[in-house]
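Chemist: Structure in structure tokens, see below.
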Amino acid sequence: MGAGPHGLAAAAYLRHAGISTVIFGNPMEFWRDNMPAGMLLRSALRACNIASPDRALTLERWARERGHELRSPLPLEDFLEYAQWYLEQVAPDVDRRKVGSVERNNGSFRLALDDGGELHTRVVVAAAGIAPFPHIPDELASLPSELVSHSSAHNDLSTFKGRRVLVLGSGQSALESAALLHEEGAATVEVVFRAGSIWWLRGKAGGGLRWPSAPTDIGGPRSGWIAASPDLFRRLPRSKQDPLAYRCIRPAGGHWLRDRVRDIPLTSDRRLVSAAAENGHLRVTLNDGSDREVDHLLLGTGYKVDVRHYPFLGRGLVSSIEHVGGYPVLAPGLESSVAGLHFLGAPAAYSFGPVMRFVTGTWYSAAAMADRVRGRRQPLVRWSF
């Protein structure tokens with residue numbers, strides 16, 4: 001279930017293993033509809049390949065076959081074209097019907113489809129993405145979407161031309177949204193965030209380290225290599241896992257954004273205290289007592305995973321899934337406490353580490369899941385690149 005990078009990779013590995021597989025989903029829907037036009041992928045090219053058996057379906061091969069020059073950082077439109085090409089190789093028969101519900105049924109699963117059809121299967125792989133999980137602070141949840149919205153609600157920021165926009169957050173989505181808003185002609189743009197400064201990721205010029213960073217392009221020279229193997233991450237005590245995961249996914253901006261936000265006010269050490277609608281505008285009060293009157297507050301506040309909010313999981317099934325704060329507790333092969341139900345992508349991050357949140361995580365998740373479905377023993381260490 002799901003036809004984004006994790007779902008496509010899952011289908012590729014299952015079918016390569018000769019397992020009869022049906023894939024449901026609108027291909028790359030979240031990437032196409034919930035990410036802004038003009039976006040550039042934060043990860044290096046080497047970390048943007050969707051996993052494939054025998055490493056046969058890489059960005060380099062796509063570019064070569066299409067006579068296309070690879071650009072770094074990778075534009076969103078190029079990644080979408082690559083994903084479409086990947087889809088044509090592994091799942092041209094993707095079923096675009098929506099799965100209305102999944103229920104346990106005498107040792108197997110029954111999927112009810114939106115057109116009244118149904119399917120019975122022994123294994124369900126939920127690679128359904130993060131669309132249901134945008135994090136909107138409680139104090140803002142009651143405000144109308146015309147005044148406050150999450151960055152994932154917009155794929156065209158040109159609609160904010162001539163308007164005053166306050167961006168909340170200091171991660172990639174907040175900073176890139178601010179850059180695009182400025183370039184699209186917003187009247188004013190300001191970024192407000194809690195941290196004391198922005199954490200900028202190293203570019204090529206950030207070399208000179210004692211040893212190279214992991215090919216996942218996640219984390220530092222030490223934390224990155226541990227996170228690059230979810231098996232190593234899983235062997236750490238929880239007291240070590242959480243700070244390591246934070247170091248890998250802390251709010252940060254790509255080095256190539258620095259120049260693009262140079263002319264935008266970046267206000268650090270500030271926290272939003274309140275926001276209220278006034279005469280069609282929004283008055284925002286910060287913890288230093290200052291106010292901002294803006295036309296829109298755009299939230300680059302990330303996502304809060306909770307699989308209980310997946311609309312297709314039936315109540316009976318949800319109550320059987322062991323979870324911690326909404327993250328399913330997963331066994332080897334990314335299998336949940338409900339036998340035969342696997343979670344791929346961001347929901348697997350609690351059990352298998354921060355790499356699961358990224359495209360490069362497909363190299364681990366798809367192969368490990370397929371081995372579990374086949375009844376094969378997992379290797380002692382598997383890398384996610």
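The values are calculated or read from the model by the stated rules, or taken from the named source; none is laboratory data. Note that this is a predicted model, so its numbers are computed, not measured. Neighbour counts are summed over all protein chains in view; Cβ atoms, including those assigned to glycine, are modelled from backbone coordinates with ideal geometry.
Chemist: Would you be able to say whether some residue in segment 332-342 is within 19 Å of the chain's Cα centre (by Cα), surrounded by 24 or more Cβ atoms within 10 Å (Cβ to Cβ) and touching a residue at least 24 places away in the same chain (Cβ under 8 Å)?
Modeler: Applying the first criterion (within 19 Å of the chain's Cα centre (by Cα)) to segment 332-342 yields 334, 342.
Checking the rest, the ones that are also surrounded by 24 or more Cβ atoms within 10 Å (Cβ to Cβ) come to 334, 342.
Those left that are additionally touching a residue at least 24 places away in the same chain (Cβ under 8 Å): 334, 342.
Checked segment 332-342: at least one residue is within 19 Å of the chain's Cα centre (by Cα), surrounded by 24 or more Cβ atoms within 10 Å (Cβ to Cβ) and touching a residue at least 24 places away in the same chain (Cβ under 8 Å).
Chemist: Show the residue pairs meeting these rules: Cβ distance below 9 Å; 6+ apart or different chains; first residue within segment 119-136 and under 30 Å from ASN106 (Cβ atoms); second residue β-branched (Val, Ile, Thr) and surrounded by fewer than 16 Cβ atoms within 10 Å (Cβ to Cβ).
Modeler: LEU119/VAL22; THR121/VAL22; VAL123/ILE19
Chemist: Can you name the residue in segment 295-308 that is within 22 Å of the chain's Cα centre (by Cα) and assigned to a loop (DSSP other than H, G, I, E, B) and is also farthest from SER158 (Cα to Cα) among such residues?
Modeler: ASP306
Chemist: On the basis of being in contact with a helix residue (DSSP H, G or I) (Cβ under 9 Å, 6 or more places away or on another chain) and under 30 Å from VAL102 (Cβ atoms), does LEU14 make the cut? Let's see the steps before the verdict.
Modeler: Details: in contact with a helix residue (DSSP H, G or I) (Cβ under 9 Å, 6 or more places away or on another chain): yes; under 30 Å from VAL102 (Cβ atoms): yes.
Yes.
Chemist: Would a scan of segment 194-211 turn up a residue that is under 19 Å from VAL148 (Cβ atoms), in contact (Cβ under 8 Å) with a residue 12 or more places away in the chain and not assigned by TED's automatic domain parsing to the domain that holds PRO73?
Modeler: Taking segment 194-211 first, the residues under 19 Å from VAL148 (Cβ atoms) are 194.
From what is left, the residues that are in contact (Cβ under 8 Å) with a residue 12 or more places away in the chain are 194.
Checking which are not assigned by TED's automatic domain parsing to the domain that holds PRO73 leaves us with 194.
Yes, segment 194-211 contains at least one residue that is under 19 Å from VAL148 (Cβ atoms), in contact (Cβ under 8 Å) with a residue 12 or more places away in the chain and not assigned by TED's automatic domain parsing to the domain that holds PRO73.
Chemist: Looking at this structure, is ARG315 at pLDDT below 95, charged (D, E, K, R), more than 25 Å from LYS161 (Cα to Cα) and assigned by TED's automatic domain parsing to the domain that holds ALA10? Walk me through how you get there before you give the answer.
Modeler: Details: at pLDDT below 95: yes; charged (D, E, K, R): yes; more than 25 Å from LYS161 (Cα to Cα): yes; assigned by TED's automatic domain parsing to the domain that holds ALA10: yes.
Yes; evaluated as a whole, the condition is true for this residue.
Chemist: Contact list please: Cβ distance under 9 Å, first residue in segment 62-77 and at negative phi, second residue among the charged types (D, E, K, R) and assigned to a loop (DSSP other than H, G, I, E, B), pairs at least six apart or on different chains.
Modeler: The qualifying pairs are ALA63/GLU69; PRO73/ARG42.
Chemist: Out of ARG270, ARG292, ARG283, ARG260, I need the residue that is surrounded by 14 or more Cβ atoms within 10 Å (Cβ to Cβ) and either part of a loop (DSSP other than H, G, I, E, B) or among the β-branched types (Val, Ile, Thr) (or both). Which one?
Modeler: The unique qualifying residue is ARG270.
Chemist: While we're looking at this one, here's another question. Could we say that GLY100 is more than 23 Å from the chain's Cα centre (by Cα) and assigned by TED's automatic domain parsing to the domain that holds TYR310 here?
Modeler: Details: more than 23 Å from the chain's Cα centre (by Cα): no; assigned by TED's automatic domain parsing to the domain that holds TYR310: yes.
No, not satisfied.
Chemist: A follow-up question, please. On the given criteria, is ASP78 surrounded by 16 or more Cβ atoms within 10 Å (Cβ to Cβ), under 25 Å from the mean Cα position of the chain (by Cα), of a type in the set (Asp, Glu) and closer than 20 Å to PRO5 by Cα?
Modeler: Values: surrounded by 16 or more Cβ atoms within 10 Å (Cβ to Cβ): yes; under 25 Å from the mean Cα position of the chain (by Cα): yes; of a type in the set (Asp, Glu): yes; closer than 20 Å to PRO5 by Cα: yes.
Considered against the rule, which asks whether it is surrounded by 16 or more Cβ atoms within 10 Å (Cβ to Cβ), under 25 Å from the mean Cα position of the chain (by Cα), of a type in the set (Asp, Glu) and closer than 20 Å to PRO5 by Cα, ASP78 comes out as yes.
Chemist: What are the residues in segment 360-381 that are surrounded by fewer than 24 Cβ atoms within 10 Å (Cβ to Cβ) and within 18 Å of TRP31 (Cβ to Cβ), if any?
Modeler: none
Chemist: With the condition kept exactly as written, say whether any residue in segment 90-112 is in a helix (DSSP H, G or I) and acidic (Asp, Glu). Break it down into steps so the answer makes sense when it comes.
Modeler: If we filter segment 90-112 for residues that are in a helix (DSSP H, G or I), which is where we start, we get 90.
Add one more test, that the residue is acidic (Asp, Glu), and what stays is none.
No: zero hits.
Chemist: Applying the selection to segment 219-240, what residues are under 20 Å from PRO332 (Cβ atoms) and either surrounded by 15 or more Cβ atoms within 10 Å (Cβ to Cβ) or hydrophobic (A, V, I, L, M, F, W, C) (or both)?
Modeler: Of everything in segment 219-240, those that are under 20 Å from PRO332 (Cβ atoms) and either surrounded by 15 or more Cβ atoms within 10 Å (Cβ to Cβ) or hydrophobic (A, V, I, L, M, F, W, C) (or both) turn out to be ILE226, ALA227, ALA228, SER229, PRO230, ASP231, LEU232, PHE233, LEU236.
Chemist: Continuing with the same structure: Would you mind stating whether SER52 is under 27 Å from ALA370 (Cα atoms), surrounded by 16 or more Cβ atoms within 10 Å (Cβ to Cβ) and in contact (Cβ under 8 Å) with a residue 60 or more places away in the chain?
Modeler: Against the criterion (under 27 Å from ALA370 (Cα atoms), surrounded by 16 or more Cβ atoms within 10 Å (Cβ to Cβ) and in contact (Cβ under 8 Å) with a residue 60 or more places away in the chain), SER52 does not qualify.
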